[in-house]
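Visitor: Below you'll find the structure I mean.
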Amino acid sequence: MDGLLTVADFEAPAAEALDPVHYDYFAGGARDEITVRANTSAFARIRLRPRVLRGRGTPRLATTVLGQPASMPVLLAPTAFHRLAHPEAERATARAAARAGTVLVAAMLSTVAIEDIAAEARKVAADPVLWFQLYLQRDMGFTEAVVRRAEAAGVRALVVTADSPALGHHERNDRNGFHDLPPGMRCENLRELRADEPGHVRQVDLSPDLSWAHVARLRALTDLPILLKGVLHPEDARIAADEGVDGIVVSNHGGRQLDTALASVEALPAVVDAVAGRLPVLLDGGIRRGTDVVKALAYGACAVAVGRPVVWGLTVGGEDGVTRVLDILRDETAHTLMLCGCGTPAEVSRDLVLAGPPC
Ligand SMILES: Cc1cc2nc3c(=O)[nH]c(=O)nc-3n(C[C@H](O)[C@H](O)[C@H](O)COP(=O)(O)O)c2cc1C
């Protein structure tokens, strides 16, 4: 990994190492991929307006998210199918996140079972913080069974993906004929629990009628904190706060659902204003630099999450690759805070950012 200095540096060697069909699955997005590109270009249009002479010393990045500890305000977003990227799959990702002391949001569509992801994280950290991303299934009984598995594994929050009444349309996958995992790989959390069908693995079965009623039913099922992922409209954020949701992830699914949806950082300020401090707001989509992290904090996010950079790190170097990507983001975030005159993430305020034409 010598010579890989930035998060972006990891993409080319990952593309080289991956089957091109799988690279397209990871890199691609919905339709014309306009939102994929918008997520990163929107960050470039935001300028930082630093403070000086505040004597803050070396920044301390440790923070809490939903009252849970994180060594930095950078989490690992849920991304599916890590075994396509590396044979150690989510096991390697889990160890890297736990070693880094930050939150891994394990994907429901992982190729390692949530119980094994949790066990792996515990090998390297006494009390790793693990959250679980959930696609609410049409069959609420099956959804409940998956939630019980996550609870038993020690998961500390559920992240419900709200932007997916249907899967996004990825034309790269259509052109490549990529619709199924290769033989020998499967979504271990979709394993049927019925004793008469031990080997059966379900397809993810999204609810086209996904509504607030589903969220209320989930709320009644579990005491775990519930975050809603995929909120872009301030009105939905306000409803989420009224419905007793515990947190919001402003996200357009990395541009993989509705193409031409606005960039997540463009959506962030209105969502933060709509919830007015009633619940924490996180952001994912397009975070590639420490400056991006600080810009999201300035608009009021309490933390951000990264998707593709983790996959590229995993592909290139397994656990060490993910560790390196997280270290780069940690160092860049600390450096940015220092140059902005901030000693902690909490000191970042909205007056540090100005939106404008590209730099
Ligand atoms: C390959 C890939 C798979 C993903 N799988 C899921 C998933 O199963 N569930 C989900 O809620 N989000 C999924 N996402 C979206 C991420 O959680 C996140 O919103 C997005 O990757 C953030 O954008 P970034 O890749 O620019 O960091 C996936 C993203 C990628 C790139």
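Visitor: For a quick check of understanding: with a 1.4 angstrom probe and all protein chains in place, what accessible area in square angstrom does Asp320 have, to the nearest ten?
Guide: The accessible area comes out at roughly 100 Å².
Visitor: Please calculate the 1.4 Å probe accessible area of His170, with all protein chains present, and give it to the nearest 10 Å².
Guide: Approximately 30 Å² for this residue.
Visitor: Tell me the relative contact order for segment 8-344 as a rounded percent, counting alpha carbon contacts under 8 Å between residues six or more apart.
Guide: Numbers: 687 pairs, mean separation 91.9, N = 337.
Normalised by residue count, the contact order of segment 8-344 is 27 percent.
Visitor: Looking at the chain, send over the antiparallel percent of its DSSP beta bridges, to the nearest 5.
Guide: Working: 8 of 32 bridges.
So the antiparallel bridges amount to about 25 percent of the total.
Visitor: What number, rounded to the nearest 500 deg cm²/dmol, is the helix-based mean residue ellipticity at 222 nm of the chain, given -39500 (n - 2.57) per DSSP H run of at least four residues and division by all its residues? Could the numbers behind the result be given before it?
Guide: On the way: 12 runs with 141 residues, N = 359.
Only helices count here, giving -12000 deg cm²/dmol.
Visitor: Let me ask you something else. If you bin every alpha carbon distance in segment 51-117 into 10 Å steps from zero, what whole percent lands in each bin?
Guide: 19, 40, 24, 10, 7
Visitor: Continuing with the same structure: Among Ala80, Thr58, Val159, whose Cα lies farthest out toward the positive end of the dipole of segment 8-344, if unit charges sit on the beta carbon of Lys, Arg (+1) and Asp, Glu (-1)?
Guide: Selected residue: Thr58.
Visitor: So, one more: Mind checking the angle between helix 212-221 and the chain's longest principal axis? C-alpha axes, 0 to 90 degrees, to the nearest 10.
Guide: 80 degrees
Visitor: In degrees, nearest 10, range 0 to 90: what is the angle between the Cα axis of helix 140-152 and the longest Cα principal axis of the chain?
Guide: The angle comes out near 60 degrees.
Visitor: Let me ask something else. Could you order Arg156, Arg138 so the one with the most accessible surface comes first? Probe is 1.4 Å. Spell out each step's value before the answer.
Guide: Details: Arg156 65, Arg138 145 Å².
From most accessible down to least: Arg138, Arg156.
Visitor: Let's see if you can work this out: charge +1 on each Lys and Arg Cβ, -1 on each Asp and Glu Cβ, no other charges. What is the dipole magnitude of the chain about its Cα centre, in debye to the nearest 20? If you can, show how the numbers build up before the last one.
Guide: Details: 38 positive and 45 negative charges, 226 e Å.
Value, rounded to 20: 1080 debye.
Visitor: If you don't mind, there's one more thing I want to ask. Write down Rg/Rh for the chain, rounded to two decimals, with Rg from the C-alpha atoms and Rh from the Kirkwood relation over Cα pairs. All intermediate terms of the calculation are to be shown ahead of the outcome.
Guide: Details: Rg = 19.3 Å, Rh = 20.4 Å.
Rounded to two decimals, Rg over Rh is 0.94.
Visitor: Where does helix 264-275 land angle-wise versus the long Cα axis of the chain, in degrees 0 to 90, nearest 10?
Guide: Relative to the chain, helix 264-275 is tipped by roughly 90 degrees.
Visitor: Students sometimes get this wrong: rank Cys342, Cys302 by accessible area, probe 1.4 Å, all chains present, largest first.
Guide: Details: Cys342 0, Cys302 40 Å².
I get Cys302, Cys342, largest accessible area first.
Visitor: With a 1.4 Å probe and all protein chains left in place, how much accessible area per residue does the chain have, in Å²? Mind showing how you got there, number by number?
Guide: Working: 14640 Å² over 359 residues.
Roughly 41 Å² per residue, with all protein chains present.
Visitor: Tell me, what is the 1.4 Å probe accessible area of Tyr23, in Å² to the nearest 10?
Guide: 50 Å²
Visitor: Here's another thing I want to ask about it. In the chain, what percent of the accessible surface is made up of carbon and sulfur (1.4 Å probe, ligands and nucleic acids excluded)? The partial results should precede the final answer.
Guide: Working: 7710 of 14640 Å².
Here carbon and sulfur together make up 53 percent of the probe-accessible area.
Visitor: May I ask you to rank Glu88, Glu332 by accessible area, largest first, using a 1.4 Å probe over the protein chains only?
Guide: On the way: Glu88 80, Glu332 35 Å².
Result of the area sort, largest leading: Glu88, Glu332.
The values are calculated or read from the model by the stated rules, or taken from the named source; none is laboratory data. Bear in mind the structure is a predicted one, so any value in this text is a computation, not a measurement. Every residue, glycine among them, receives a Cβ derived from its backbone with ideal geometry; neighbour counts consider all protein chains shown. To get the accessible areas, we keep the full protein, side chains included, count just its heavy atoms, and leave off ligands, DNA and RNA. Shrake-Rupley method; radii C 1.70, N 1.55, O 1.52, S 1.80 Å.
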